[in-house]
Amino acid sequence: MTRPIAPAPAYPPREVPPVDLDAIASVRDFEAPARERIDAAAWAYLVRGSWDERSIAGNERALDAFRLRPRVLRDVSRVTTATTILGRPASMPLGIAPAALHALAHPDAELATVRAAAAEGAIVTVSTVASRSIEDCAAAAPDARRWFQLYVQHDWDVTRSLVERAAAARYEALVVTVDLPVLGYRDELLRHRFDPGPAYANLPLRDTWRAGREIDELVDLRNVPMTWDRLDEIRAWAPLPFVVKGIMTAEDARLAVDHGADAVWVSNHGGRQLDRVDAPIDVLAEVVDAVEGRAEVYVDGGIRRGPDVLIALALGATAVFTARPLLWALACAGEPGVIHALRILEEEIARGLALLGAASPAEVTRDHVRRVRPA
Ligand SMILES: Cc1cc2nc3c(=O)[nH]c(=O)nc-3n(C[C@H](O)[C@H](O)[C@H](O)COP(=O)(O)O)c2cc1C
């Protein structure tokens, strides 16, 4: 069901000269120039959240409740950010979270992102609702550590074919997102009448799609109850490591592991689903404790800087993920922009590790962090 050509974006990014990457010191520096390049409706989709966006604000603020506890006079002369994720080497404990519709940010879309990930040895998660197909992303970067993120579809056969296509295209893990039985209430999408048109490269066109409701129809599972037993079915479709994304409680983390998850990904979907939920960093430790080493634990939401990553590692995460900063970087400069963003983050993690007194991510422990105010 792959489409023959890449669908045209409804909101093409503006053509303005690329940013001077040498002047970008932190991934946050990409945000303002990205905004200049992106249509207002596309920005509403790419960056904004749900309801009053309390969860977006909370994600970054929650990180401020922690302080790092650096140890000195440790041998950090050969500090490395290298680590092992799902049993394979990764250049750093930070990967690219799945995000839909990269064509809203840059014409090269996901192809630029997967190539940048390959260049930097970082994990990249390709979304079901990508602007480029599963197969095209694989062909663009055969050697990238590519994971495929699954949104369950109304049509169970289509859902299964997505998983089988990902396995055939040698994606190395399946990430099933479970926090989206319906789309969060997103004021900004309604205000902008956001409607990307038939922009999803992986999905068959549906006659029933109505203008402005397409995104809702794509993900609304009210007629397809998605439950734990359905997760078991999905897991049986392909022999891939199985990651469950969108877990926010110790109870569900335990259930995910009982249902065969190799990794539990703590996330509130970047504040785009239910608003007024905890920040993922605030529930990370309880999830790590609940999982008791039976699965890896990842976290995302508001991760912008090296010390943010160190806090997550200290609380027990194997890896962290980030989405918006890489979309800003993509909008600003395509593949070189994403490479630059990944390099900044890697450099920040390396320096942070050395200053923390840890020669590698594996040496970071809970003693390296303390909470200074309640959640
Ligand atoms: C524009 C955008 C699109 C997203 N699309 C997806 C998606 O297709 N699948 C998914 O599991 N998560 C999706 N997410 C959520 C991210 O994977 C991630 O959980 C969250 O954005 C991390 O927070 P951060 O943006 O603050 O780093 C999306 C996030 C954004 C900003």
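Among 241, 225, 70, the largest mean-square fluctuation in a Gaussian network model of the chain, built with springs joining Cα atoms closer than 10 Å, belongs to 225.
Would you kindly state how much longer the chain becomes between residue 250 and residue 78 on full extension, computed as 0.36 nm times their sequence separation minus their alpha carbon distance, in nm to one decimal?
58.3 nm
Relative to the longest principal axis of the Cα atoms of the chain, the long axis of helix 54-63 lies at roughly 20 degrees. Computed over the chain, the per-residue total of -39500 (n - 2.57) for DSSP H runs of n ≥ 4 gives a 222 nm mean residue ellipticity of -11500 deg cm²/dmol, rounded to 500.
So what's the angle, to the nearest 10 degrees on a 0 to 90 scale, between helix 109-120 and the longest Cα principal axis of the chain? Around 30 degrees separate the two axes. Taking 30 Å as R0, compute the FRET efficiency from the Cβ-Cβ separation of residue 69 and residue 375 and round it to 0.05. The formula returns an efficiency of 0.95 here. Treating each Cα of the stretch 83-146 as an identical point scatterer and summing with the Debye formula, the log10 of I(q)/I(0) at q = 0.20, 0.25 Å⁻¹ comes to -0.70, -1.03. Each label was represented as a point 7 Å from its Cα along the Cα-to-Cβ direction; for residue 155 and residue 191 these points are 3.6 nm apart. Using a cutoff of 8 angstrom between alpha carbon atoms and counting only pairs six or more residues apart, the relative contact order for the stretch 24-371 works out to 29 percent. Taking 281, 303, 24 in turn, the Gaussian network model of the chain (Cα-Cα springs below 10 Å) assigns the largest fluctuation to 24.
Between the alpha-carbon centres of the stretch 239-281 and the stretch 68-96 there is a gap of 23 Å. As I understand it, the value is the acute angle between the Cα axis of helix 156-168 and the longest principal axis of the Cα atoms of the chain; what does it come to in degrees, rounded to 10? Relative to the chain, helix 156-168 is tipped by roughly 50 degrees. Length available on full extension from residue 61 to residue 227: 0.36 nm per residue minus the Cα-Cα distance, which gives 56.5 nm.
Express in % the proportion of alpha carbon pairs of the chain at distances exceeding 30 Å. Beyond 30 Å sits 33 percent of the P(r) for the chain.
Maximal additional length on extending the residue 367-residue 258 stretch stands at 36.4 nm, based on 0.36 nm per residue less the C-alpha distance.
Derived scalar couplings between HN and Hα for the stretch 23-28 equal 8, 9, 9, 10, 4, 5 Hz in order, rounded to whole Hz, by the Karplus curve 6.51 cos²θ - 1.76 cosθ + 1.60 (θ = phi - 60°), x for Gly and Pro.
Each reported figure results from applying straightforward, stated rules to the coordinates on display, with no laboratory input. Quick caveat: nothing in here was measured; it's all calculated off a predicted structure. Here Cβ is always computed from backbone atoms with ideal geometry, including for glycine, and neighbour counts include all displayed protein chains.
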